[in-house]
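Written below as structure tokens is the structure these notes are about.
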Amino acid sequence: MSAITRSASAAAARRGELAAFLRLRRERITPQDVGLPGGPRRRTPGLRREEVAERAGVGVAWYTWLEQGRAINPSIQVLDAIAGALLLGPAERAHLHRLADVPGAAAPESPAEEIPVPPGARAVQTILDSLNPLPAGLVGARYDVLAFNDAYAALDPRIELLPPPERNVLWRLFTADEESQPLVDWEREVSFMVGRLRGAFGRRMHDPRWRAYIRELSAASPLFAEMWARHDVLPPASHRKAFRTVDGREVTIIATGFTTIEAPTATLWVYTPDGPDAQRVLGELLARYRELGAAGLVAAGTADREAD
């Protein structure tokens, strides 16, 4: 395939992503959301194309071509008007700019930046270890777990039992059996992760490794494929989440993300206990992990649950 053909194919794929994103965002808005009458005769879910075009101050035919993935070049001003008409949040607006490939949008990130292990891995591991008993892990944009401390492994020891290349949070959550799922509110948490993944994909949509990852995970999990097809885009945010430990207890933590110079495309997630009970459970898990190891902790947890 020639460079020209590859470029044309990449542009067509980008326009296809843009078209799907616009259509799905239009369909999620009700007329009442924007002060329009609903009426019983509406056959289109959400707003009509002409309603979006009118709200954005653009031609109906032009907006229709954009939503059909045709090769047109909208300006930032026009895209911002469309974003306003579709009630897009800041993360969705930035995603729209990237999909439209407009000047001034965040530049696509180079595949070379997607490193499996950061150059300062030893320093990063020292930082993670110093954070014990708080669970902490370095997680890539594709949710690859690059490094973690003992407390992180104690909270979900099955991640350590996987070979390093297979330590991927989303693969684990979408393909593991229900018995070994570590999240209490599974759907809410994975929806957040998929929304963040969609935003990261917008910066890397021409990276063949990312496209292969999305394709393979979609094939492995119809539920992931369904969530991915929604084109939801979410910004990173600190949030509360509850884990189900290997011995069947529940522990609630607050997840806070940081970026590092050593691994700028990854996030350093630190989990702080949400109250004294969570702090006690995390401390007990860490002590048992250090005594038994990951495999021993899983086996002991299974025995504890069966004894109850």
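From the list THR259, THR272, the one residue that fits, being touching a Ser or Thr at 6+ places or on another chain (Cβ under 9 Å), among the hydroxyl-bearing types (Ser, Thr, Tyr) and closer than 21 Å to ARG204 by Cα, is THR259. For region 142-189, which helices (runs of 4 or more DSSP H) that fit wholly inside it have 2 or more residues that are touching an Asp or Glu at 6+ places or on another chain (Cβ under 7 Å) and at pLDDT below 90? Per the criteria, no element qualifies. Each residue in region 121-139 was checked for being over 17 Å from LEU282 (Cα atoms) and buried (at least 20 other Cβ atoms within 10 Å of the Cβ), and 3 pass. ALA225 meets all of the listed conditions (1) without any contact (Cβ under 8 Å) to a residue 40 or more places away in the chain; (2) closer than 20 Å to ALA266 by Cα; (3) surrounded by fewer than 20 Cβ atoms within 10 Å (Cβ to Cβ); (4) over 12 Å from the mean Cα position of the chain (by Cα) but one, namely (2). So, LEU88, is that one in a helix (DSSP H, G or I) and modelled with pLDDT of 85 or more or not? In short, no. Just to be sure, is ASN73 at pLDDT 90 or above, assigned to a loop (DSSP other than H, G, I, E, B), of a type in the set (S, T, N, Q) and over 30 Å from SER218 (Cα atoms)? No. If you check ASN168 against the conditions, is it surrounded by 16 or more Cβ atoms within 10 Å (Cβ to Cβ), closer than 16 Å to VAL270 by Cα and not hydrophobic (A, V, I, L, M, F, W, C)? Here the answer is no, as ASN168 does not meet what is asked.
Picking from residues in region 172-185 that are touching a strand residue (DSSP E or B) at 6+ places or on another chain (Cβ under 9 Å) and in contact (Cβ under 8 Å) with a residue 40 or more places away in the chain, the one that is surrounded by the most Cβ atoms within 10 Å (Cβ to Cβ) is PRO182.
Can you say whether HIS239 is at positive phi and within 16 Å of the chain's Cα centre (by Cα), as far as the supplied structure shows? Taking the combined requirement at face value, the residue does not satisfy it.
The values are calculated or read from the model by the stated rules, or taken from the named source; none is laboratory data. All values reported here derive from a predicted model rather than from experimental measurement. A quick note on method: Cβ atoms are made from the backbone with ideal geometry, for glycine too, and the neighbour counts reach across all protein chains shown.
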